[in-house]
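Contents: one structure, followed by commentary.
Read-outs throughout are calculated quantities, based only on the coordinates presented, and are distinct from any laboratory measurement. Source: prediction; values computed, not measured. Cβ: placed from backbone, ideal geometry, glycine included. Neighbour counts: every protein chain shown.
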Amino acid sequence: MEPILKIDNLKTSFLTSSGEVQAVRGVSFTVNRGDILGIVGESGSGKSVTSMSILRLLPDTARIKEGSIEFHGKNLVTTSKKEMREIRGEKISMIFQDPMSSLNPLVPVGKQVAEVILQHHPDTGREAVRQEVLELFRRVRIPEPEKRFHSFPHAFSGGMRQRVMIAMALANKPDLLIADEPTTALDVTIQNQILRQLRELQEQSGTSILFITHDLGVVAELCSHVLVMYGGLVMEQASIDEIFEHPGHPYTMGLLASMPDLEQDKRVRLRPIPGSPPDMTNPPKGCPFAPRCPYARKICAQECPDLAALGEGHLSRCFLQYEDAPADAHNPFRNGE
Ligand code: SF4
């Protein structure tokens, strides 16, 4: 278990005309070499801002206010802009949700991947770089790589464009790959192919993956561990098996209950978690999930519980765990249980 990324008490905020949006409010976690860690949560939970904070790809209005992001022992919060440029794309790379807006529509895809290699290894010969790009295209299963090298992004399907992005992200053999909702814009069949491929590539190269998604089903396909985020905080953290078999936090139970069940009657409606996420310009003093939680009690509106051990490697932020709570025996978000 060699930790390569260690985030401690990260707090990131945005300044807006309506006030300070406290997007991430004290997040801590570790990614070990070879881990595939999922971060799951609804929009506005702080998961993408956490990943953008790691790469320091935040807009000018954002500030990392507190905490540290140690990558191989170096604190990325205080690293110079020049060093961050060297780390991005070389040691840590990223795959974004929409490959079309991440690729330059006017440049052939092969040349775009070659540029990523040349940016960090400018002395590599032209033919050597071309061969590296072709090998990457083969690894991500782009058919006819020699021919596709010269194609423009518009000639590719959504799934093929995402494969180009994966090839680009792997070009410099990064230690950490951050994938932010990379399969959201794809249909389910292509999504499964991409997930399988990410797993294979991770097994071959040992690259650690931080996988950001709103979909617990996707996390179950790919990840070994998961962090559940809500209101800028980690609400629960455990192995995939533990999260699915013994969820400890009511928000996780809500996410599990809202997953489509292929075996259920098609006339049964999906069960969204009632209510909406908190306003992060004025986050609640107590547990941010309290207004939507069927177990909420008086103390939940007054105090925010700490993230505490629920079992081995299983953390949860809920007052329920200090009581004889129903916990995983009953999911209040599922009708008729
Ligand atoms: Fe629900 Fe209270 Fe637990 Fe928050 S702390 S999830 S409101 S029971």
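Listing for the model above:
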read-out: Simple Cβ-charge dipole of the range 105-246, Lys/Arg +1 and Asp/Glu -1, about Cα centre, in debye nearest 20; value: 780 debye
read-out: Cβ-placed point charges (K, R +1; D, E -1), dipole of the range 1-143 about Cα centre in debye, nearest 20; value: 60 debye
read-out: Rounded, prolate or oblate (a/c below 1.5 giving rounded, otherwise prolate when a/b exceeds b/c) for the range 69-218 by Cα gyration tensor; value: oblate
read-out: Selection from 62, 125, 109 lying farthest towards where the dipole of the range 42-125 points positive, charges on Cβ; value: 62
read-out: Residue among 28, 309, 10 farthest towards the positive dipole end of the chain, charges placed on Cβ; value: 10
read-out: Three-way shape call for the range 117-196 based on the alpha-carbon gyration tensor, with the a/c threshold at 1.5; value: oblate
read-out: Signed unit charges on C-beta, dipole axis of the chain, positive-most listed residue 201, 174, 217; value: 174
read-out: The range 59-135-the range 138-153 distance, computed between alpha-carbon centres (Å); value: 21 Å
read-out: Within a Gaussian network of the chain (alpha carbon springs, distance under 10 Å), most fluctuating of 146, 245, 70; value: 245
read-out: Cβ-placed point charges (K, R +1; D, E -1), dipole of the chain about Cα centre in debye, nearest 20; value: 980 debye
read-out: Anchor residue 6: lysines whose Cα lies under 29 Å away (excluding residues fewer than 8 positions away in-chain); value: 47, 65, 74, 81, 82, 91, 173, 285
read-out: With Cα atoms, 0 to 90° folded angle of helix 126-139 axis to the chain main axis; value: 40 degrees
read-out: Helix 109-120 axis, angle to the chain major axis (alpha carbon atoms, nearest 10°); value: 80 degrees
read-out: Length added when fully stretched, residue 204-residue 312, from 0.36 nm per residue minus Cα-Cα; value: 36.0 nm
read-out: Gyration tensor verdict on the chain (Cα atoms; rounded if a/c is under 1.5, prolate if a/b is larger than b/c, oblate otherwise); value: prolate
read-out: Candidates 45, 276, 316, ranked by Gaussian network fluctuation over the chain, Cα under 10 Å, top entry; value: 276
read-out: Those lysines that a straight Cα-Cα span of less than 23 Å connects to residue 147, excepting residues fewer than 8 apart in one chain; value: 111
read-out: Principal-axis tilt of helix 188-205 within the chain, Cα atoms, nearest 10 degrees; value: 70 degrees
read-out: Once exposed loop trypsin sites (Lys or Arg not before Pro) are cut out (DSSP; at most 11 other Cβ, 10 Å), longest piece of the chain; value: 1-265
read-out: Nonlocal amide H pairs with residue 46, under 5 Å, H built at 1.01 Å; value: 232
